[in-house]
1. In this structure, is Lys270 of a type in the set (D, E, K, R), in contact (Cβ under 8 Å) with a residue 24 or more places away in the chain and in a loop (DSSP other than H, G, I, E, B)?
2. Consider only pairs whose beta carbons are under 6 Å apart and that are at least six residues apart or on different chains; among these, list those whose first residue lies in region 131-149 and is under 23 Å from Gly218 (Cβ atoms) and whose second residue is in a loop (DSSP other than H, G, I, E, B) and of a type in the set (Gly, Ala, Ser).
3. Could you list all residues from region 234-264 that are in contact with a Leu (Cβ under 8 Å, 6 or more places away or on another chain) and assigned to a loop (DSSP other than H, G, I, E, B)?
4. Within region 273-323, take every residue that is part of a helix (DSSP H, G or I) and β-branched (Val, Ile, Thr) and give me the one that is nearest to Ser254 (Cα to Cα).
5. When you scan region 179-212, how many residues do you find that are without any contact (Cβ under 8 Å) to a residue 24 or more places away in the chain and buried (at least 22 other Cβ atoms within 10 Å of the Cβ)?
6. Would you please name the residue that is modelled with the lowest pLDDT, looking only at residues in region 4-32 that are more than 18 Å from the chain's Cα centre (by Cα) and either among the β-branched types (Val, Ile, Thr) or within 19 Å of Val201 (Cα to Cα) (or both)?
7. All but one of (1) part of a loop (DSSP other than H, G, I, E, B); (2) modelled with pLDDT under 95 hold for Cys146; state the number of the condition that does not hold.
Amino acid sequence: MSSQSSQPGSDPSYAKLKTTDVPWYLEDITMHSTPQFRKLLENYSGIDSKDIPKHVSTIVRKPHSRTHAPTTTYPYLNLCLHPKSDTKHNRSPKPQQRSKLWALRTYPCIGVGTFQIPWISTGFFYPSLLSTLLSQPSRTLLDIGCFIGQDLRHLVFHDGVRPSQLRGLDLVPEFWDVGYELFRDRDRDFGQVVKTSGGDVLDLRSMKEGAALEGVEGGVVDFIYVSQVLHQFDVERGVVAAKNIVGLTRGPGSRIVGAQVGAVVGRESKGYGAVAGPQPWVHDEESWKRMWERVGREMGIELEVETRMKAWREYGVDPSVTSYMGDDTQILEFDVKRLT
């Protein structure tokens, strides 16, 4: 759920807008508070059910000092973003709210609260992935773009995966500290055992040198979970990132799974405004498979790619919340298997 590095296009400009006047920011994010997320906070973190909305709001919506952002024009929306009120979008002229997460990056998953959805367990690939992790405790999984670690905690608390099997990697390691505060487990087994570090998916060396892979045999893992990351790149950068991800897999039998924004027909991204470098590419199922076929061909390995396209509602997201990206967007799930 995060982007990567300071290279043009790898850390998109929309993630650093320093304003809430964007179409991917909702004042109230309880609509995406799922039963699984609330159960995690109540039974794992020890937060009373009636206090959960306030607790999440404190972490995600805690006021910070007002920061004025430069005016940013969004040609696809005819929307000018600035620190003033926006009556068109029913925003009152009040000081901008800053959250611990929003202050780090203005990602849509933070703005609309979809980080509360158990993305990993919703994927078609999850039952077989979970079965292997539970039956073979020596197998390891790396979450690239791990954000606050919500999916890793889901694996441990909901489904019984051993913390020692899990690793996390994110461009913004500060997210992990906010996760400790949200889930109140810095000093518990999860916080002590699961290793995480910063790393740029466009830079294989930065990923390999991070603490996330310390103690992992050969510095490679069996499974990689990467969601809400690769849709931030154009095709060429996507190929670079995909090759780097494959470079962290152990070998035949390894899998790369995840979910991201897709489209019925592949096209350039729209809705986020101008970004440095080429516009990100929103893949359809066929263009996604072609990208991985190219990756395998150029790396001299054989990959098998399986995909599913799902409607937003299947993830519990109202399509009106994501309409700024285009009415044709859906969720593209994928399972990439190394055959050689």
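1. Yes, satisfied.
2. Once the first residue is under 23 Å from Gly218 (Cβ atoms) and sits in region 131-149, its partners that are in a loop (DSSP other than H, G, I, E, B) and of a type in the set (Gly, Ala, Ser) give Gly145/Ser2.
3. Gly247, Leu248, Pro252
4. Val295
5. Of the residues in region 179-212, 0 are without any contact (Cβ under 8 Å) to a residue 24 or more places away in the chain and buried (at least 22 other Cβ atoms within 10 Å of the Cβ).
6. Pro8
7. (2)
To keep it simple, each residue is scored yes or no on (1) at pLDDT 95 or above; (2) out of contact with any Pro (no Cβ under 8 Å at 6 or more places or on another chain); (3) of a type in the set (A, V, I, L, M, F, W, C); (4) more than 30 Å from Asp28 (Cβ to Cβ).
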{"position": "Trp288", "(1), (2), (3), (4)": "yes, yes, yes, yes"}
{"position": "Trp292", "(1), (2), (3), (4)": "yes, yes, yes, yes"}
{"position": "Val295", "(1), (2), (3), (4)": "yes, yes, yes, yes"}
{"position": "Met299", "(1), (2), (3), (4)": "yes, yes, yes, yes"}
{"position": "Ile331", "(1), (2), (3), (4)": "yes, yes, yes, no"}
{"position": "Lys337", "(1), (2), (3), (4)": "yes, yes, no, yes"}
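The values are calculated or read from the model by the stated rules, or taken from the named source; none is laboratory data. Quantities reported herein were computed from a predicted structural model and do not represent experimental measurements. Cβ atoms come from the backbone with ideal geometry, glycine included; neighbour counts cover every protein chain shown.
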